[in-house]
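The values are calculated or read from the model by the stated rules, or taken from the named source; none is laboratory data. Bear in mind that the values here come from a model prediction, so they are computed numbers and not experimental data. For neighbour counting, all protein chains shown are included, and Cβ atoms are generated from backbone atoms with ideal geometry for every residue, glycine included.
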Amino acid sequence: MNGRKLYQYALENVPQAIKECLEKNGTHLSKINKVLIHQANGKMDDAILKRLYGLYDMKDVPEGIMPMSISWLGNSSVATLPTLFDLILKGKLEPHKINQGDTIVFASVGAGMNINAMVYKMA
């Protein structure tokens, strides 16, 4: 694997995929309560989030918008997103909470460099 090229690919494409998903959904980034991103690399995810907010001309990323588990769970591949979601819902990833009416973005990159994003509103 060429780590630097992968990192650059993710930085160029994941924020744009999230933005396109939000636009198709008619939701502005400022209305998002949590961003759950597949965590292969914490530094990369922080850079993805910063670049995403830059696409909206928002220079400040809200504190606590992106929960992280990589420091203690490692790169759990496709399990990252459902694991993060479950940990938050069960109150096991303090101080993160997801409430009724919250809007969440799920995004991933991997498996042959496929990129996916979806918006989910808690009922």
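Please indicate, with yes or no, whether at least one residue in segment 39-54 is more than 13 Å from the chain's Cα centre (by Cα), modelled with pLDDT of 90 or more and not charged (D, E, K, R). Yes, there is a match, as at least one residue in segment 39-54 is more than 13 Å from the chain's Cα centre (by Cα), modelled with pLDDT of 90 or more and not charged (D, E, K, R). Scanning segment 84-123 for residues that are loosely packed, with under 13 Cβ neighbours inside 10 Å and either without any contact (Cβ under 8 Å) to a residue 12 or more places away in the chain or assigned to a helix (DSSP H, G or I) (or both) gives Asp86, Lys90, Gly91, Lys92, Glu94, Gly112, Asn114. Report whether or not Leu36 is touching a His at 6+ places or on another chain (Cβ under 7 Å) and under 20 Å from Ile115 (Cα atoms). Judged against the criteria, Leu36 is not a match. Each residue in segment 74-83 was checked for being touching a residue at least 12 places away in the same chain (Cβ under 8 Å) and over 25 Å from Asn25 (Cβ atoms), and 3 of them qualify. Would a scan of segment 38-59 turn up a residue that is part of a loop (DSSP other than H, G, I, E, B) and of a type in the set (A, V, I, L, M, F, W, C)? There is at least one residue in segment 38-59 that is part of a loop (DSSP other than H, G, I, E, B) and of a type in the set (A, V, I, L, M, F, W, C). The set of residues in segment 23-39 that are among the aliphatic types (A, V, I, L, M) and either without any contact (Cβ under 8 Å) to a residue 40 or more places away in the chain or surrounded by fewer than 18 Cβ atoms within 10 Å (Cβ to Cβ) (or both) contains only Leu29.
The set of residues in segment 19-37 that are over 29 Å from Gly3 (Cβ atoms), out of contact with any Ser or Thr (no Cβ under 6 Å at 6 or more places or on another chain) and either charged (D, E, K, R) or outside any loop (DSSP other than H, G, I, E, B) (or both) comprises Glu23, Lys24, Asn25, Ser30. For segment 61-78, the set of residues classified as surrounded by 15 or more Cβ atoms within 10 Å (Cβ to Cβ) and of a type in the set (A, V, I, L, M, F, W, C) consists of Val61, Ile65, Met66, Met68, Ile70, listed by residue number.
With Leu81, Leu52 as the choices, which residue is of a type outside the set (Ser, Thr, Tyr), buried (at least 16 other Cβ atoms within 10 Å of the Cβ), out of contact with any Leu (no Cβ under 6 Å at 6 or more places or on another chain) and under 21 Å from Lys121 (Cβ atoms)? Residue meeting the stated conditions: Leu52.
So which residues in segment 62-72 are within 25 Å of Arg51 (Cβ to Cβ) and either assigned to a loop (DSSP other than H, G, I, E, B) or without any contact (Cβ under 8 Å) to a residue 12 or more places away in the chain (or both), if there are any at all? First the steps, then the outcome.
Initially, segment 62-72 is screened for residues within 25 Å of Arg51 (Cβ to Cβ), giving 62-71.
Once the filter is applied, which keeps residues that are within 25 Å of Arg51 (Cβ to Cβ) and either assigned to a loop (DSSP other than H, G, I, E, B) or without any contact (Cβ under 8 Å) to a residue 12 or more places away in the chain (or both), segment 62-72 yields Pro62, Glu63, Gly64, Ile65, Met66, Pro67, Met68, Ser69.
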